[in-house]
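Worksheet: one structure, shown below.
Here, each number is a calculation from the coordinates, and none is a lab measurement. Bear in mind the structure is a predicted one, so any value in this text is a computation, not a measurement. Cβ atoms come from the backbone with ideal geometry, glycine included; neighbour counts cover every protein chain shown.
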Amino acid sequence: MTRIRRSILPLTVLLWAGLMPSLAFAQSQDTELDKLLEQGRELVDQKKWTEAIDAFQRASSIDNRNARIFSGMGYIYAQQGKFQEAADAYQQAITLEPANADFVYALGFSLANLGNDSAAATAYRRATELDARNVNAFLGLGTVLARQGNLSQALAAYQQAIRLNSRNVDAQESMGLIQIQQGQIDQGIATLQRAAQLDPRRTSTQIGIGIALLSKGDSTAALTAFNRAVRLDPNNSKLHLQIGKILREVGNNAAALAAFQRSVNLDPNSVEAQFALAETALEQKETMRSIMVFREVIKLDPNNASAYFQLGTALKARDFPRDAIEAFERAKTLFEEQGKAEDAKRAEDAIEQTRRS
């Protein structure tokens, strides 16, 4: 089963509310510093990130021993998606206040968004040592461990998050997905169903349930789960694509064709959706439609040998032998370049059969 990757972003609880009041009301004899801190807070409230950073940078030049100034800068950089700058700022804050669990958690969050999972895991672990009840630190730790392939340790982190808060949907869903990756399909489905009970409108949970049911071979139940997901997120092209695949698998090609068309309408640049639409149209003997869509696939992916081969098949069915041979020849060349000898032979046979017909 394809590894299910979880984004780190839904796990964040950004630290502004907890960190900034002490900045805004810092007891300082320096009127200019107080003014800069208050100005920075107001700019953050207005989401004027560039101006806010400027205010805190000027404040840090006045008081470079105030850890919360640097943590505030880290927060702003994170809001801008500048995670390297955020990590640097949080590291400065930690240097000044090494035992601040919030700072260490925020460092882990920034490192995780940079893809530095090893360093992020170290920071998250340290955050859990400093604050053993920090659910989000355990969630973050589980996420980066899972991305590193350390599924057993990730599962343990999610289980600890659930022990701290059994109603945390992120923790329940993440644990269910890990269980599925470990082959514990029934346990994973049960965990995901608990997550669905906590948040019935969470699309990703329904997708996870659908994937798990598919892996068990239960296409009917999987289709039900995916249909629930698509009702929650009707503009998700990948969901329509997945529904189309299931419908095609169970032999309902007409409904599959409609699902693939919806997927293509939502994401015209998806080679996978376009190919599935064209291939199903060909199976349904809608040859002209399949020709048009296979040509679209080739525009998107000019080296798609299978698309050329199927285009040739559709052209042959429409009695365009010369165009069909041209498509088969291109497919043969690409298959040979890609080291697919059997497919190249299949294309060569198709050329000969078309010439004889």
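Packing order of peptides 62-72, 261-271, highest average first: 62-72, 261-271 (average count of other Cβ atoms within 10 Å over each peptide's residues). The ranking of Phe320, Phe138 from fewest to most other beta carbons within 10 Å of each one's beta carbon is Phe320, Phe138.
Using only side-chain charges placed at the Cβ, +1 for Lys and Arg and -1 for Asp and Glu, the dipole size of the chain relative to its Cα centre rounds to 960 debye.
Between the residues Met175, Ala278, Gly74, the greatest Cα displacement towards the positive end of the dipole of the chain, with unit charges on the Cβ of Lys, Arg, Asp and Glu, is found for Ala278. Report the label-to-label distance for Met292 and Asp233 in nanometres (one decimal), using points 7 Å from each Cα along the Cα→Cβ vector. Label at Met292, label at Asp233, 3.0 nm between them. Using the Cα gyration tensor of region 30-125, with a ≥ b ≥ c the square roots of its eigenvalues, what is the shape: rounded (a/c below 1.5), prolate (a/b larger than b/c) or oblate (neither)? Here region 30-125 falls in the oblate category. Multiplying the residue separation of Ala190 and Asp45 by 0.36 nm and subtracting their alpha-carbon distance yields 48.1 nm. If r is the Cβ-Cβ distance from Arg318 to Gln338 and R0 is 25 Å, what FRET efficiency results, to the nearest 0.05? After rounding, the FRET efficiency stands at 0.40.
From the Kirkwood radius over Cα pairs of the chain, Stokes-Einstein at 4 °C and 1.567 mPa s returns a whole-number translational diffusion coefficient of 54 µm²/s. First obtain the Kirkwood hydrodynamic radius of region 203-319 from its Cα pairs, then insert it into the Stokes-Einstein equation at 10 °C and 1.306 mPa s, and state the resulting D in µm² per second as a whole number. Roughly 110 µm²/s, to the nearest whole number. Let a ≥ b ≥ c be the square roots of the eigenvalues of the Cα gyration tensor of region 70-216; is it rounded (a/c under 1.5), or, if not, prolate (a/b larger than b/c) or oblate? Prolate is the answer for region 70-216, as a/c is 1.5 or above and a/b outweighs b/c. Fully extending the segment from Ser166 to Asn269, taken as 0.36 nm per residue of separation minus the present Cα-Cα distance, adds 33.0 nm. Centre-to-centre separation between the Cα atoms of region 98-177 and those of region 304-349: 50 Å.
Secondary-structure-derived ellipticity at 222 nm for the chain, considering helices only, amounts to -24500 deg cm²/dmol, per-run term -39500 (n - 2.57) for DSSP H runs with n ≥ 4.
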